[in-house]
Amino acid sequence: MTHSAPIPAGANPAPTPDQLKTLVGRAALDYVVPGEIVGVGTGSTVNKFIDALATIADRIPGAVSSSEASTARLQALGIRVFDANAVERLSVYIDGADEIDGAGNMVKGGGAALTREKIVAALSQRFVCIVDESKRVSVLGAFPLPVEVIPMAAQRIARDFAALGGTATLRLRADGGPLVTDNGQHILDVRGLQIDQPLDFETRVSQWPGVVTVGVFAAQKADICLLGTASGEVQTLRF
Ligand code: 5RP
């Protein structure tokens, strides 16, 4: 159950969020298969994984990346990035999450990379989620649900979420303009939902015209979660 990675004696007993990200990022190396391409997610926790991956870069052919940001970091560290279309399947996909429930269902997309994340996860036999325990929830929905949408459909989709009890807002950049994803689309963040049937919800919302990707990962849920805890240990949860 416990993948032992304790904070050294004498160090601050309560690890910082950044230390926890480093711990789970390093722990994920155990799931990288030597000689095989690895699927790589996006976000501040995955950045720690990419940094750790660089230490074993000579043991893998490279990675399939889920965002321009991760691609840039991988390449800067000398890790070759393969096009997803060049790969038939991946043994493992390593990514963070904004929320994860007790069955391994997740909310993702806080970093706006949800579409490519779902694509790479769908190529992969095993999803290893790396998070700290603040991301663990009993029911998904407290974190605003990211939904990538075709811009001309945004207002209609927002009304459809209102009918479900949610409030959708367009994600903006720092300069006030709409955030544009790597795929040239927009993101709605939906507050006020309680997603107690994640697979049904994902299946239903995915069919709405103009929805590119809903940030519920139930069809591509985690198989394993490496959970950074306040004690400085990494727990391994299997679903
Ligand atoms: C990006 C994601 C990330 O995995 C999620 O937002 C978690 O990010 P972080 O590790 O920075 O907390 O889904 O689209």
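The values are calculated or read from the model by the stated rules, or taken from the named source; none is laboratory data. Not measured: the values here are computed from a predicted model. So basically every Cβ, Gly included, is an ideal-geometry build from the backbone, and we count neighbours across all protein chains shown.
Write out, first by first residue and then by second, each pair whose Cβ atoms fall under 8 Å of each other, whose residues are 6+ apart or on separate chains, and whose first residue, in the stretch 111-123, is modelled with pLDDT of 95 or more and more than 10 Å from the ligand (Cβ to nearest atom) while the second is assigned to a helix (DSSP H, G or I) and hydrophobic (A, V, I, L, M, F, W, C).
ILE119/ALA84; VAL120/ALA84; LEU123/ALA84
Yes or no: the stretch 175-190 includes at least one residue that is away from the ligand (no atom under 16 Å from the Cβ), surrounded by 20 or more Cβ atoms within 10 Å (Cβ to Cβ), outside the structural domain of THR22 (by TED's automatic domain parsing) and over 30 Å from GLU88 (Cβ atoms).
no
Could you run through the stretch 25-70 and say how many residues are aromatic (Phe, Trp, Tyr) and touching a Pro at 6+ places or on another chain (Cβ under 8 Å)?
0
Scanning for something at pLDDT 95 or above and closer than 30 Å to GLU88 by Cα, does the stretch 191-199 turn up at least one residue?
Among the residues of the stretch 191-199, at least one is at pLDDT 95 or above and closer than 30 Å to GLU88 by Cα, which makes the answer yes.
Can you tell me which residue within the stretch 94-110, out of those that are within 6 Å of the ligand (Cβ to nearest atom) and of a type in the set (D, E, K, R), is surrounded by the fewest Cβ atoms within 10 Å (Cβ to Cβ)?
Residue satisfying both the conditions and the ranking: ASP98.
Would you point out the residue of the stretch 192-223, among those that are surrounded by 15 or more Cβ atoms within 10 Å (Cβ to Cβ), touching a residue at least 24 places away in the same chain (Cβ under 8 Å) and among the charged types (D, E, K, R), that is farthest from ARG26 (Cα to Cα)?
Among them, the one singled out is LYS221.
For ASN47, work out the one condition from (1) within 30 Å of GLN194 (Cβ to Cβ); (2) within 15 Å of the ligand (Cβ to nearest atom) it doesn't fulfil.
Just one mismatch for ASN47, condition (1).
How many residues are in contact with a Ser or Thr (Cβ under 6 Å, 6 or more places away or on another chain) and within 16 Å of the ligand (Cβ to nearest atom) when one looks only at the stretch 31-44?
4
Is it the case that some residue within the stretch 152-164 is within 15 Å of the ligand (Cβ to nearest atom) and not polar (S, T, N, Q)?
There is no residue in the stretch 152-164 that is within 15 Å of the ligand (Cβ to nearest atom) and not polar (S, T, N, Q).
Considering every residue within the stretch 224-238, establish whether at least one is under 21 Å from SER66 (Cα atoms), surrounded by fewer than 22 Cβ atoms within 10 Å (Cβ to Cβ) and not assigned by TED's automatic domain parsing to the domain that holds ALA154. It would help to see each step written out before you state the result.
Step one: of the stretch 224-238, the residues under 21 Å from SER66 (Cα atoms) are 224-226.
Right, trim to surrounded by fewer than 22 Cβ atoms within 10 Å (Cβ to Cβ) and you get 224.
Those still in the list that are not assigned by TED's automatic domain parsing to the domain that holds ALA154 too: 224.
Yes, the stretch 224-238 has at least one match.
So, in the stretch 124-134, of the ones that are touching a Ser or Thr at 6+ places or on another chain (Cβ under 9 Å) and within 11 Å of the ligand (Cβ to nearest atom), which residue ends up nearest to ASP95 (Cα to Cα)?
Filtering first and then ranking leaves ILE130.
Does the stretch 170-190 contain at least one residue that is touching a Leu at 6+ places or on another chain (Cβ under 7 Å), small (Gly, Ala, Ser) and more than 30 Å from ALA14 (Cβ to Cβ)?
Checked the stretch 170-190: no residue is touching a Leu at 6+ places or on another chain (Cβ under 7 Å), small (Gly, Ala, Ser) and more than 30 Å from ALA14 (Cβ to Cβ).
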